[in-house]
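Reading through the structure tokens given below for one structure.
Each value in this text was obtained by applying a stated rule to the coordinates, not by laboratory testing. Predicted model, so just to flag it, every value in this text is computed and none were measured. Using ideal geometry, Cβ is built from the backbone for each residue, glycine included, and neighbour counts are taken over all protein chains shown.
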Amino acid sequence: MKGVITVVVVLAMVQLMVESGRAISCGQVDASLAPCVPYLTGGSSLAPKCCNGVKDIKGMASSTADKRAACNCVKAAANRYPSLKEDVAEALPTKCGVQMDIPISRTTNCDK
């Protein structure tokens, strides 16, 4: 019984270490920003789901490494849409009422 408890404790500790070290993926960022694409390309009005996605990204990016990863993902996503309106993209967090350290731009230097 003592051995089983030790194994359970060790597994729980390993799980906590893995969870805290998980980085943001571009898939997560893309999924969060997908509802924003029509707005950012000038095709529709701002959808509530878009602002929820912006808030999700802010929540996912808590550490400097997470912010840098999210920034690079946002930059890559912006570059996939040639019709992206740069001024609209840069204003998106403010429009959604979110204070964000990650600008939505094709030209952002994510290392700063």
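Some values worked out for this structure:
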{"item": "Cα-based equivalent ellipsoid, the stretch 32-101: semi-axes from gyration tensor eigenvalues, Å", "result": "19, 14, 10"}
{"item": "Percentage relative contact order, the stretch 28-102, counting C-alpha pairs under 8 Å, at least six apart", "result": "36"}
{"item": "Label-to-label distance, nm, for residues given as A31 and T94 (7 Å Cα→Cβ offset)", "result": "3.1"}
{"item": "Cα-based reach from K58 at 24 Å (exclusive), listing lysines while leaving out same-chain residues under 8 positions away", "result": "K49, K67, K75, K85, K95, K112"}
{"item": "Distance in nm between pseudo-label sites at A65 and A47 (7 Å out along the Cβ direction from Cα)", "result": "3.3"}
